[in-house]
1. Kindly evaluate residue 24 against the criterion of being more than 11 Å from ligand 2 (Cβ to nearest atom) and over 22 Å from residue 146 (Cβ atoms).
2. Yes or no: the stretch 175-189 includes at least one residue that is in contact with a helix residue (DSSP H, G or I) (Cβ under 9 Å, 6 or more places away or on another chain) and surrounded by fewer than 16 Cβ atoms within 10 Å (Cβ to Cβ).
3. From (1) out of contact with any helix residue (DSSP H, G or I) (no Cβ under 8 Å at 6 or more places or on another chain); (2) open to solvent by 30 Å² or more (accessible area, probe 1.4 Å); (3) assigned to a loop (DSSP other than H, G, I, E, B), pick out the condition that doesn't hold for residue 172.
4. Does residue 77 satisfy the condition of being within 10 Å of ligand 2 (Cβ to nearest atom) and surrounded by fewer than 21 Cβ atoms within 10 Å (Cβ to Cβ)?
5. Of the numbered conditions (1) modelled with pLDDT of 95 or more; (2) within 16 Å of ligand 2 (Cβ to nearest atom); (3) open to solvent by 60 Å² or more (accessible area, probe 1.4 Å); (4) more than 18 Å from the chain's Cα centre (by Cα), residue 17 fails exactly one; give the number of that condition.
6. Can you give me the ranges of the strands (runs of 3 or more DSSP E) entirely in the stretch 7-103 with at least 3 residues that are within 15 Å of ligand 1 (Cβ to nearest atom) and in contact with a strand residue (DSSP E or B) (Cβ under 8 Å, 6 or more places away or on another chain)?
7. Within the stretch 87-143, how many residues turn out to be of a type in the set (D, E, K, R) and open to solvent by 20 Å² or more (accessible area, probe 1.4 Å)?
8. So which of 215, 145 is under 28 Å from residue 109 (Cβ atoms) and in a helix (DSSP H, G or I)?
Amino acid sequence: MSAADFVPAGADLDGLRRAAVDCRGCHLYENATQTVFSKGPVSARVVLVGEQPGDVEDRRGEPFVGPAGKLLDRAIEEAGLDPADTYTTNAVKHFKFTPAAGGKRRIHATPDAREVGECRPWLVAEFALLDPEIVVALGATAGKALFGPSFRVTKSRGMLLPWPASAYDPGQFERADDGARASSFALATLHPSAVLRADDRDAAFAGLVADLRIAAGALV
Ligand code: URA
Ligand code: SF4
């Protein structure tokens with residue numbers, strides 16, 4: 001089973017979004033509230049990929065609207081990126097969590113490689129429609145979804161990489177028509193949740209902004 005059984009051929013972004021509502025491509029839909037797809041225009045020059053929706057996103061049905069999203073919004077602004085020119089999505093589109101002992105709280109659980117792989121057809125379908133100048137992978141899960149399982153954010157963060165990533169699954173993540181930009185880049189950085197958890201939050205935030213400035217600098 002994977003999301004491939006649910007991705008409609010030839011759909012536009014709204015068609016993908018509608019079809020994703022009913023995705024049963026892996027078991028994660030069972031306990032989550034709803035599919036959280038993406039936000040932003042298909043024409044965005046900057047595409048940001050996170051891990052999976054969090055607790056707030058699961059309830060609201062929109063990506064990056066909780067605490068990590070607020071921090072990301074601030075970092076985007078400080079880096080000089082235009083928020084209206086960004087498209088934001090996640091490697092996995094349902095919230096994976098474990099219930100906290102005894103309570104109602106839901107604790108984020110990192111999606112494993114299998115779940116990321118099962119959800120990946122959505123990401124591939126999105127990139128067939130998108131035409132980014134720069135793709136930003138936020139954290140390890142997004143990095144692996146976009147660049148392959150051996151990708152290490154800690155080793156490659158802040159570096160401009162060629163896009164589409166050709167070493168991994170050549171042909172995937174390419175735009176479906178011939179109208180793609182002549183050159184685009186990708187860049188990996190920290191996940192905003194890692195900034196929230198960091199001992200030195202200010203330094204971690206500054207690092208995220210510095211990486212996003214590099215992304216902004218790659219825009220022509
Ligand atoms: N973290 C993510 O990776 N994505 C979201 O949408 C929210 C938090
Ligand atoms: Fe489908 Fe992805 Fe949700 Fe799994 S996490 S059910 S593959 S949308």
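1. Numbers: more than 11 Å from ligand 2 (Cβ to nearest atom): no; over 22 Å from residue 146 (Cβ atoms): yes.
Here the answer is no, as residue 24 does not meet what is asked.
2. Residues of the stretch 175-189 in contact with a helix residue (DSSP H, G or I) (Cβ under 9 Å, 6 or more places away or on another chain): 175-177, 185-189.
Going one step further and asking which of them are surrounded by fewer than 16 Cβ atoms within 10 Å (Cβ to Cβ), we end up with 176-177.
Within the stretch 175-189 (the criterion being in contact with a helix residue (DSSP H, G or I) (Cβ under 9 Å, 6 or more places away or on another chain) and surrounded by fewer than 16 Cβ atoms within 10 Å (Cβ to Cβ)), the answer is yes, since at least one residue qualifies.
3. With respect to (1) out of contact with any helix residue (DSSP H, G or I) (no Cβ under 8 Å at 6 or more places or on another chain); (2) open to solvent by 30 Å² or more (accessible area, probe 1.4 Å); (3) assigned to a loop (DSSP other than H, G, I, E, B), residue 172 is out only on (1).
4. No: the conditions fail for residue 77.
5. (4)
6. Details: elements: 46-50, 86-90, 97-99.
So the answer is 46-50, 86-90.
7. Applying the first criterion (of a type in the set (D, E, K, R)) to the stretch 87-143 yields 93, 96, 104-106, 112, 114-115, 118, 120, 126, 131, 133.
Add one more test, that the residue is open to solvent by 20 Å² or more (accessible area, probe 1.4 Å), and what stays is 96, 104-106, 112, 114, 118, 120, 131.
The qualifying residues number 9.
8. Working: 215 fails: under 28 Å from residue 109 (Cβ atoms).
Result of the check over 215, 145: 145.
The values are calculated or read from the model by the stated rules, or taken from the named source; none is laboratory data. Being a predicted model, the structure only gives us computed values, none of them experimental. Positions of Cβ are backbone-derived with ideal geometry, glycine not excepted, and every protein chain shown enters the neighbour counts. Surface accessibility is based on the protein's heavy atoms, side chains included, excluding ligands, DNA and RNA. Shrake-Rupley method; radii C 1.70, N 1.55, O 1.52, S 1.80 Å.
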